Amino acid sequence: MSVQDVIAARVVPHIPPGAVVNLGIGIPTLVADHLPEHAAHLQTENGLLGVGPTPLPGEADPDLVHAGKKPVTARPGASFFASSDSFGMIRGGHVEVAVLGALQIDARGRIANWSVPGKPVLGVGGAMDLLVGARTVVVATTHTAKDGSPKIVEECSYPLTAQRAVDVVVTELATFRVRDGGLVLVDLAEGVTVDEVRARTAAPFRVEVPEAVDA
Amino acid sequence: MTPSSLTERGAPVLDPAAAAARIPDGATVMVGGFGLVGAPLTLIDALLTATATRDLTIVSNNLGEPGRGLGKLLLEGRVRKAVGSYFTSNPDVVAAYQEGRLEIDLVPQGTLAEAIRAGGAGIGGFYTRTGWGTDLGEGREERVIRGEPHLYQESLRADVALVRARAADALGNLVYAKTARNFNPDMATAADLVIAEVDEIVPVGALDPEEIVTPHLFVDALVLSGGAR
């Protein structure tokens, strides 16, 4: 299993059975492959509640895509709606869980995921709406950037997507909850130690993993 | 007036070139679609090939894809300004912006959709939490509502909306195709002239009233699609 799939699988326990869930582009999209059949109603902001599996080769419908513009199917019970209705669902608190990617996460659990300094700021999509509107926000991201630098940092150097903190941060190494304005380590991937997480994290965090030995 | 005479006065069916000719230089044009999905590609092509219309302000989630849809219009130098939420997927847009050939007004996707909806519903503006405390919120009017900071957003209207639907009846009632619906029904309410590109035009009465998404009073003219997706 790829690192991305490992992360996606680790998100699944944070999705209540039957929840309405919006999956962002990238690793969050992969969560669908790890959800048990019909465990959640997937909403995509381009106007579909009830996203089904990827169609078989040759069976893609050009009028049926998710927010990443890739072909999808619609499950029985699905509905289509206009963009304003879709974001009414999102901002209005009717989507229970949003799973989003992140470029950086700060010590308070706020994220940056839409813009990189030094490049023209020409895309935001639905990230800001999902972050303010979803009842619970789960971040699914690699623990470090491609160059090995920590993504979980004291202060984001990239522009924030919202002032609202996320609720859960899931990486291939660990899971953090955001509580009382700070990060709390609540789960370690198999074989990973607290020290290893600390070495690859540039923000302070409390440790509440029952079996972990805090060196 | 009897119902039958009412239904005889349908939305005019224009050929694509005649429809495109109704868009003047410097117009603000809403164009439906999410990328190319649900974009009125026949109308965009007609604007490109049958007119020399320029200095357009395009309100659309994206500016097409490289060399496709609105991306073609950009490459021909017809677009002065783009209002939308996600342009990074088309490198031509990034290049045009960096070379000063294109102005861009970046709006979060939900704020864009609601600004269009509000514009069509006679609402001057609204407050949203989206974007507060971010770079996109800088310099904007703020207001605390139920204890939470909100940003003011003025609604959007356009001179012309080009929308894409699956089918129309002869009056101009519209039904859409799956996720090709996206911004189209919102835009169909928010412009002085609304032109809908459709795959087929069916007789009045052939569409189930329960299924009509855009009632005909919003639609000024119909164009038959060349079928491009």
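For the reader, a short list of remarks on this structure follows.
- Scanning region A:59-86 for residues that are of a type in the set (A, V, I, L, M) and either more than 10 Å from every other protein chain (Cβ to nearest Cβ) or part of a strand (DSSP E or B) (or both) returns A:60, A:65, A:74, A:78.
- Filtered residue count, region B:17-36, keeping only those that are more than 21 Å from residue B:106 (Cβ to Cβ) and crowded, with 22+ Cβ neighbours inside 10 Å: 2
- For region A:134-159, the tally of residues that are in contact with a Gly (Cβ under 9 Å, 6 or more places away or on another chain) and either open to solvent by 30 Å² or more (accessible area, probe 1.4 Å) or hydroxyl-bearing (Ser, Thr, Tyr) (or both) stands at 2.
- Filter pass, residue B:193 being more than 11 Å from every other protein chain (Cβ to nearest Cβ), under 15 Å from the mean Cα position of the chain (by Cα) and either surrounded by fewer than 24 Cβ atoms within 10 Å (Cβ to Cβ) or not in a strand (DSSP E or B) (or both): yes
- Options B:74, B:48: the member that is over 14 Å from the mean Cα position of the chain (by Cα), buried (at least 24 other Cβ atoms within 10 Å of the Cβ) and free of Cβ contacts under 8 Å to residues at least 40 places away in the same chain: B:74
- Pairing each residue of region A:35-52 that is closer than 24 Å to residue B:32 by Cα and away from chain B (no Cβ under 14 Å) with any residue that is at pLDDT 95 or above and not in a strand (DSSP E or B), provided the two are 6+ apart or on different chains, yields no C-beta distance under 9 Å.
- One residue from B:141, B:103 being at negative phi, open to solvent by 30 Å² or more (accessible area, probe 1.4 Å) and more than 12 Å from chain A (Cβ to nearest Cβ): B:141
- Residue satisfying condition, being surrounded by fewer than 21 Cβ atoms within 10 Å (Cβ to Cβ), in contact with a Phe, Trp or Tyr (Cβ under 6 Å, 6 or more places away or on another chain) and of a type in the set (A, V, I, L, M, F, W, C), within set A:183, A:122, A:188, A:103: A:103
The values are calculated or read from the model by the stated rules, or taken from the named source; none is laboratory data. A quick note: this is a predicted structure, and the numbers were derived from the prediction, not measured. Note that we place each Cβ from the backbone using ideal geometry, even for glycine, and neighbour counts take in every protein chain shown. Quick note on the areas: whole protein, heavy atoms, side chains included, nothing else; ligands and nucleic acids left out. Shrake-Rupley method; radii C 1.70, N 1.55, O 1.52, S 1.80 Å.
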